[in-house]
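Here is the structure we will look at.
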Amino acid sequence: MNRNLVAQARKQLLRRGRALLRAAQAGTGAAGRADALGAIDEAELNELQEIHAALERIERGIFGRCEECQSEIADERLARTPWQRQCSPCSGAEIAADAESRETRVSA
Ligand SMILES: [Zn+2]
């Protein structure tokens, strides 16, 4: 794993995390809610958790490794979405398997 890429990914993750929190706080102000995370929607909360998990992987030195097959995730994939947990074959295999099961149901 390229150290430079890890540093860039870390910056990107922190920036995205801060933007999400700022948006949540802005929403909080308008709605007058006491809970800062109350204004965040489920998708954003999920993304925030993924960002947090990715930062944790960086700390542990396992960032960029696929959770399924332990191989390294492609650099350009991580540059685009640094919170990625799986390599492209693994996440693609999931989609393909899903499509295949649908196919089976249709023909049955
Ligand atoms: Zn994989």
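The values are calculated or read from the model by the stated rules, or taken from the named source; none is laboratory data. For clarity, every value in this text was computed on a predicted model and none was experimentally measured. Using ideal geometry, Cβ is built from the backbone for each residue, glycine included, and neighbour counts are taken over all protein chains shown.
Some points to look at:
- Selection within the stretch 67-83 - free of Cβ contacts under 8 Å to residues at least 12 places away in the same chain and either outside any loop (DSSP other than H, G, I, E, B) or within 9 Å of the ligand (Cβ to nearest atom) (or both): Gln70, Glu76, Arg77, Arg80
- Among the residues of the stretch 84-108, the one identified as more than 10 Å from the ligand (Cβ to nearest atom) and at pLDDT 85 or above is Gln84.
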